[in-house]
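The values are calculated or read from the model by the stated rules, or taken from the named source; none is laboratory data. The structure presented is a predicted model; accordingly, all values stated were derived computationally and were not measured. Here the Cβ is made from the backbone with ideal geometry for all residues, glycine too, and neighbour counts use every protein chain on show. Heads up: the accessible areas ignore ligands, DNA and RNA and are worked out on the full protein's heavy atoms, side chains in. Shrake-Rupley method; radii C 1.70, N 1.55, O 1.52, S 1.80 Å.
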Amino acid sequence: MLPSRLDQLRLLQEKKDLQAVLFLDLSNIRYLCGFTGSDGALVAGGDRRFFLTDSRYATQSRQQVEADEIREYRAKIEGIMECLRQIGASRIGFEAEKVSWDLLNQLKEKGPAGAEWVPLKEDIHALRVLKDASEAEAMEEAARLNEAALREVLPRIRPGITERE
């Protein structure tokens, strides 16, 4: 995780008085720790970050993920709960747009006794809105590449041409 991203996450935790934040959205997980697979969870609490995944992604996560600890789980919710207990979290933020009512009830049922689950929406978006210099540079390079590709293809586009052509 880039230091600026970790700092932003810490600020969010302080602002909302959270002991932990649970991330299940894969785009946020990729942004925060680098994982590109199709299943995982990230639990961030204080200065610790736990990345959780199943055995299918053990090797990939060790190669990609920046976290304090990478853990494999057999049951995702139990793995998450173990991390939350280790952190000692009693006030836990979660991605409101990505956690279903059913999943939230499971988290409450299996989570730390008396824990408060705090829905986060705009706060999660705010983590990703500000770009550091390297992100802005990458976006500018992507725009340059797209423009070059369009300039290459544009002369070939004409009425009646098929996609295959």
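Below are the figures for this structure:
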read-out	value
Options R74, R91: the member that is more than 16 Å from Q106 (Cβ to Cβ) and either among the charged types (D, E, K, R) or at pLDDT below 95 (or both)	R91
Checking E72 against (1) in contact with a strand residue (DSSP E or B) (Cβ under 8 Å, 6 or more places away or on another chain); (2) open to solvent by less than 80 Å² (accessible area, probe 1.4 Å), the condition it does not meet	(2)
Residue, farthest from L107 (Cα to Cα), within the stretch 10-23, restricted to residues that are crowded, with 21+ Cβ neighbours inside 10 Å and aliphatic (A, V, I, L, M)	L18
Pick from the stretch 53-68, criterion in contact with a Ser or Thr (Cβ under 7 Å, 6 or more places away or on another chain) and in a helix (DSSP H, G or I), ranking: nearest to E82 (Cα to Cα)	S61
Options S134, S100, S90: the member that is closer than 30 Å to R56 by Cβ and either polar (S, T, N, Q) or in contact (Cβ under 8 Å) with a residue 60 or more places away in the chain (or both)	S100
Number of the condition not met by R164 [criteria: (1) of a type in the set (K, R); (2) assigned to a helix (DSSP H, G or I); (3) surrounded by fewer than 10 Cβ atoms within 10 Å (Cβ to Cβ)]	(2)
Residues of the stretch 109-131 classified as of a type in the set (D, E, K, R) and free of Cβ contacts under 8 Å to residues at least 12 places away in the same chain, total	3
Count of residues meeting criterion [under 17 Å from the mean Cα position of the chain (by Cα), outside any strand (DSSP E or B) and surrounded by 10 or more Cβ atoms within 10 Å (Cβ to Cβ)] in the stretch 119-133	9
Matching residues in the stretch 30-51 - criterion: being open to solvent by 10 Å² or more (accessible area, probe 1.4 Å) and either within 12 Å of V65 (Cβ to Cβ) or in a strand (DSSP E or B) (or both)	R30, G34, T36, G37, R48, R49
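Residues checked against (1) outside any helix (DSSP H, G or I); (2) more than 22 Å from E14 (Cβ to Cβ); (3) open to solvent by less than 30 Å² (accessible area, probe 1.4 Å):
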{"position": "G79", "(1), (2), (3)": "no, yes, yes"}
{"position": "R85", "(1), (2), (3)": "no, no, no"}
{"position": "A89", "(1), (2), (3)": "yes, no, yes"}
{"position": "G114", "(1), (2), (3)": "yes, no, no"}
{"position": "W117", "(1), (2), (3)": "yes, no, yes"}
{"position": "E135", "(1), (2), (3)": "no, yes, yes"}
{"position": "M139", "(1), (2), (3)": "no, yes, no"}
{"position": "N146", "(1), (2), (3)": "no, yes, no"}
{"position": "L150", "(1), (2), (3)": "no, yes, no"}
